[in-house]
Structure formats: C-alpha cells, structure tokens
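Presented below is the structure to which this report refers.
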Amino acid sequence: MVGAALVLPACSGGDDDPAPSTTVAVTTTTVVERENDGTLTLGVYLPLTGAGASLGPPLIAGVEEAVALINDNGGVLGQDIELVSADEGSEPIETLLDDDVDAIIGPASSLVALTGLGPAVDANNGVVTCSPMATARGLDAYPDNQFFFRTAPSDTLQMAAIARVAERTGALTVSVGYLDDPYGRGLSDAFEDALEGRPLNIAESIGFSGDQGDLGSVAADLLAVDPGVVVVLGDADDGSRLLAALDAQTDDPPEVIINDSIRQARQVIQGLSDDFRDELTGLAPQSGTASGDDEMGFFVPHAIDCVNLIALAATDAGSDSPVEIRRQMPAVSTGGRACTTFSACADLISRDLGIDYNGLSGRVDFSSVTGDPTRAWFEIFTFDTDGNEVSQSPIEVN
C-alpha cells in the first residue's frame with residue numbers, strides 16, 4: 001500500500017505525493033544489539049492524519065486489542081507489552097526509535113516504507129519492523145538487514161495470482177492499463193514477469209495518471225487491439241475512472257481483472273453498466289475480512305498477526321532484543337506445530353515445541369531471507385448490482 005491512497009488496500013501514490021525514490025542507501029551487516037531490558041516495547045507507526053487518516057484507526061485498534069489480549073494472558077517474558085505510538089501521516093519513524101522501541105508495527109504506506117524505512121532497519125540500531133500492508137514490489141529486495149517483515153504478501157505474489165486468473169480466461173492477449181507512478185509501474189512490471197511461460201501475451205500496455213482529466217483515449221487504445229482480457233492496475237480513484245472509461249468505449253466488453261485497491265470504488269462500480277460489471281473480477285489478499293469478518297476492516301488481521309508474531313518471537317527467544325526477535329520471526333511462522341492464537345502458541349513454546357503460527361490473515365510463512373510471506377491466498381471476487389463484492393473460490397500462490 002502506498003502514499004495518498006492510504007485509504008485503499010495496497011494502493012498507489014496520489015497527485016500531492018512527492019515522487020518517491022526507490023533508491024536506498026547500502027547499509028553494513030554488522031549489527032549492534034539493543035539492550036534486553038525484559039519488557040517488550042512495541043511502536044505503532046500507522047496513520048492518524050493525512051490521506052491515510054481513515055485507515056489508521058481500525059488498524060491501531062486491532063493492534064491495541066491484540067496487545068491487551070496478550071497482556072491479559074500473562075504478557076511476554078512475564079511483563080506486559082508496552083505501546084508507544086507515532087503518526088505515520090506526520091512524524092518520521094525515528095520518533096519511535098528515540099523512545100527505544102524493540103519493534104514497530106507499520107508503516108502502512110509502501111511509499112513511506114520505501115522513502116523512510118531506513119533508520120528503523122539500520123544495521124547498527126535497527127528494530128524488527130512489521131508492516132501489515134506495505135505491499136510494493138520495490139520492498140522485495142530492500143536492504144533491510146533482515147529487520148523488515150510483511151504479513152501482507154508482496155505485490156509480486158498478487159500479480160502472479162492475477163496472471164493465473166487471466167490465463168484461466170482462455171484469452172491469448174491482454175491489455176494492461178496501469179497507474180503511471182512508481183507503485184503502478186512496479187505492478188505492471190511484476191505482472192509482465194508473471195506472464196513469462198504462460199500462453200498469454202501483452203498486446204497493449206498504457207500508463208495513465210490522475211492528471212489526465214479524460215481517460216477515454218486510454219480506454220480506446222487498450223480496447224483497439226481486441227484483447228481477450230483487460231487488466232487494470234491502480235488505486236480506487238484513478239483505477240475506477242479507467243473502468244468507467246472502458247465501459248463507455250465498448251458495448252461488448254472483454255473480461256476485466258483489477259487489483260485489490262480498486263475494490264473500494266463501490267460507487268463507481270455500482271454505476272457501471274450491467275454488461276461491463278458482469279465481466280469484472282478482482283483479487284485481494286485473503287484475510288479475516290475476505291472470509292466474512294466485515295467488522296474487522298481491510299488488513300486489520302495482518303496488523304494483529306504482526307503483533308502476535310513479534311510477541312511469539314520474543315517469547316521463543318527469551319529476549320526483547322530486536323536482534324534476537326529478528327532471528328526467531330521466521331522460526332515461529334513455519335515448520336512447527338500449527339497454532340492460531342498467541343496463548344496457544346506460547347503454551348507450545350513453553351513446552352519447548354516448535355510452532356507454526358497461522359493467524360487471522362491465514363498462513364504466514366516468512367522467508368528467512370526476505371522476511372516476506374513465501375505463499376499467500378488471494379480472494380477472487382466479482383460484484384453484484386449494488387457494487388458489493390461476491391466472493392469466489394480463493395487461489396493460492398507461492
């Protein structure tokens with residue numbers, strides 16, 4: 001998830017965002033451990049102001065509820081977890097580092113992660129940082145000294161899922177309309193890579209932006225090559241504008257596949273013609289929300305899983321040292337006995353048993369190299385006449 005479209009799942013930067021740089025400083029690999037004081041201190045770095053203000057509160061509430069539940073069950077290392085917060089929308093991540101946190105939940109935005117994550121994962125003073133929704137492909141190879149983890153799958157996996165669904169249509173050609181910013185271009189590149197070896201060729205690929213008042217010409221060009229399927233990669237605002245433009249340009253629409261951000265544009269989707277909406281399919285990372293818990297909100301399960309995984313890693317390590325927690329994050333996510341709550345998993349650890357935490361967002365099998373999930377389930381959804389999602393069978397990608 002990124003920038004000004006923080007109100008959307010896994011979105012892209014908006015017009016008012018500074019152009020992000022995906023170039024990051026190379027850091028060393030010598031790590032100086034922070035002191036183990038016996039109290040796990042979590043920093044909450046999620047948005048309260050700015051474009052993501054509407055998204056932050058449910059994520060923060062989920063984190064606070066998860067911490068309260070852990071503390072009610074004895075805490076970590078015999079002590080209550082302590083919480084320290086900073087506003088992702090207005091404060092740098094260093095604010096939390098100055099408070100000597102051991103780990104951070106956040107950021108939500110991919111742009112914030114790409115441009116501001118460095119101090120939190122510094123080799124000499126880094127802390128475990130777990131984002132519930134910064135999915136940008138540019139973070140796949142971020143030099144994070146193995147301090148950065150994501151419970152939401154990388155867009156690399158989502159684009160692989162979209163490629164698989166596109167192939168299932170039986171189409172031989174695809175047109176791709178993508179938001180022309182760093183995030184959207186990353187999606188487009190990942191989708192193109194995911195098509196390698198598949199019997200589906202890109203006939204047309206066009207970038208579009210929020211600066212374009214009329215996307216009719218973009219839509220016309222995407223349709224002019226008579227594609228079997230059109231893939232639209234963008235945010236809710238501009239991605240849905242392209243959907244409306246495509247609808248206006250054709251009376252016989254091809255199948256159309258969208259990424260998860262566009263799912264939020266319910267009013268636009270509701271206003272599409274019945275024929276066009278019937279051809280529309282979307283994909284999103286599966287979570288408690290995707291499986292029916294609409295009360296929780298998008299990506300809140302992933303934030304709760306960040307809390308539980310960090311707490312379990314500290315429990316398994318017997319330490320609140322960021323370096324020790326970092327070492328155990330992959331270990332508690334895969335390879336042991338399956339468990340789904342902090343208390344159940346902590347009980348297994350107390351009996352010297354390995355665990356495999358499977359939480360609200362599903363299986364979270366961290367790569368020991370990248371800190372990203374090595375597999376993910378994606379919900380496939382269509383839309384009814386009111387613009388509401390209708391869940392279809394999920395798809396697993398690894």
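The values are calculated or read from the model by the stated rules, or taken from the named source; none is laboratory data. Fair warning: this is a prediction, and the values are worked out from it, not measured in the lab. Note that we place each Cβ from the backbone using ideal geometry, even for glycine, and neighbour counts take in every protein chain shown.
A quick yes/no check of all residues on (1) of a type outside the set (Ser, Thr, Tyr); (2) part of a strand (DSSP E or B); (3) at positive phi:
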{"residue": "207", "(1), (2), (3)": "yes, yes, no"}
{"residue": "220", "(1), (2), (3)": "yes, no, no"}
{"residue": "237", "(1), (2), (3)": "yes, no, no"}
{"residue": "240", "(1), (2), (3)": "no, no, no"}
{"residue": "253", "(1), (2), (3)": "yes, no, no"}
{"residue": "261", "(1), (2), (3)": "no, no, no"}
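Pick from region 181-198 the residues that are modelled with pLDDT under 95 and touching a strand residue (DSSP E or B) at 6+ places or on another chain (Cβ under 6 Å): which of them is nearest to residue 234 (Cα to Cα)? Per the stated criteria, the residue is 184.
Scanning region 342-365 for residues that are buried (at least 21 other Cβ atoms within 10 Å of the Cβ) and either charged (D, E, K, R) or assigned to a strand (DSSP E or B) (or both) turns up 355, 357, 359, 362. Checked against the criteria, residue 187 does not count as touching a Ser or Thr at 6+ places or on another chain (Cβ under 7 Å) and aliphatic (A, V, I, L, M).
On inspection, residue 339 qualifies as touching a Phe, Trp or Tyr at 6+ places or on another chain (Cβ under 7 Å), at pLDDT 90 or above and surrounded by fewer than 24 Cβ atoms within 10 Å (Cβ to Cβ). Would you check which residues across region 201-245 are over 25 Å from the mean Cα position of the chain (by Cα) and modelled with pLDDT under 95 and list them? 211, 212, 213, 214, listed by residue number. Residue 377 falls short on exactly one of the conditions (1) modelled with pLDDT of 95 or more; (2) crowded, with 19+ Cβ neighbours inside 10 Å; (3) part of a strand (DSSP E or B), and that condition is (1).
With respect to being at pLDDT 95 or above, surrounded by fewer than 19 Cβ atoms within 10 Å (Cβ to Cβ), under 21 Å from residue 181 (Cα atoms) and of a type in the set (Val, Ile, Thr), residue 257 falls outside the description. When region 138-162 is filtered for residues that are in a helix (DSSP H, G or I), closer than 13 Å to residue 372 by Cα and either at pLDDT below 90 or among the small types (Gly, Ala, Ser) (or both), only 138 remains.
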